[in-house]
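Here the structure comes first, spelled out in structure tokens, and everything after it is commentary.
Each reported figure results from applying straightforward, stated rules to the coordinates on display, with no laboratory input. Since the structure is predicted, the reported quantities are computational estimates derived from the model, not experimental observations. Cβ sites come from the backbone with ideal geometry, for glycine too, and all protein chains shown count toward neighbours.
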């Protein structure tokens, strides 16, 4: 299989287990789930899907020498996603508006009900090992660390929103190295640019007011449709198009639903108003703190002496003593740039928006 990816270019895929997983219904379903939700209304500039991102994570892991098991785990990591991006966190009691972990929490149980276990057994892959993300630190790590999932959606969203050029993407990928199963930058400058662009995408899109309105209005419409029997829980694990078609059939039959549908479709104007609002919503916020292999000279080029004090980050630094050479050592961006430590403290907190609709 020859796959043309907009981020990584032409990729030849020959591994039988990967090819069979790509063709399986759980992966193919992701073609019907846009990466960022109801993009045609809220982010019309983009239309890429969870399928494209899933292949991107696989390609990125392969490119940087991850084991085949980790490549498999990367390929299937998003199969448990609901329709409309993270909407599961806004319609189910088990969801979390501030963490967006619903799809992760149900991942194992979801996969067990699909064709994936049969495919993995066919090629002698240990199912429980593949389903345990703790085995794959290159694929998944908690914020503010980098991981293949986080890197790919940043590069992909940045490219489609025209915040990253092909040249900028190449510079980032060329600057990465893997040390003890961690993504590490070789340049402070590139690491800082990555972190700042990531923050920009978070503010403009991932945790923006538009994202909050999108999640809240879709969540309210779907919850109401579920209560009326228009949708079944299983529908939430189909595709955006299928759910929209079912919602459309209910249009004009219920005044409350019609109002919720119009809000969801962006047909009713809204504004942020903390003093006089109709609904409020919380959204997960994301910020990263890249690891950098650096030296004192590198740091002196970044900041004058008066700015070199590093703010403390309450996270144990990885031990890479065996990989140090000369005066090089591993540091987080926040240990080099005190301003970045302050940004992490502020931007890691979930966003909350208070929304006033015209109707």
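Odds and ends about this structure:
- Whether region 34-112 is rounded, prolate or oblate, judged on the alpha carbon gyration tensor where a/c under 1.5 counts as rounded: oblate
- As computed over region 2-171, the Cα convex hull volume per residue (Å³): 121
- Using the Cβ-Cβ distance between residue 223 and residue 163 with R0 set to 30 Å, the FRET efficiency works out to roughly 0.35.
- Given their separation in residues at 0.36 nm each and the Cα-Cα distance between them, residue 200 and residue 346 gain 51.2 nm when the chain is fully extended.
- Sorted largest first, the principal axis extents computed over the alpha-carbon atoms of region 192-231 equal 50, 14, 7 Å.
- Taking a ≥ b ≥ c as the square roots of the eigenvalues of the Cα gyration tensor, an a/c ratio of 1.5 or more together with a/b larger than b/c marks region 145-231 as prolate.
- Distance between the modelled labels on residue 31 and residue 232, one decimal in nanometres: 2.4 nm (7 Å Cα→Cβ projection).
- Spin-label pair residue 255/residue 356, simplified geometry with 7 Å Cα→Cβ offset, distance in nm: 2.4
- Structure remark: mean-square fluctuation, Gaussian network model of the chain, C-alpha springs under 10 Å; the largest value among 89, 145, 254 belongs to 254.
- In this entry, the chain is assigned a mean projected area of 19.8 nm², taken as a quarter of its C-alpha convex hull surface.
- For the chain, a Gaussian network of Cα nodes joined below 10 Å ranks 121, 286, 156 by mean-square fluctuation, and the top entry is 121.
- Among 351, 118, sorting on how many other beta-carbon atoms sit within 10 Å of each Cβ, with the fewest leading, yields 118, 351.
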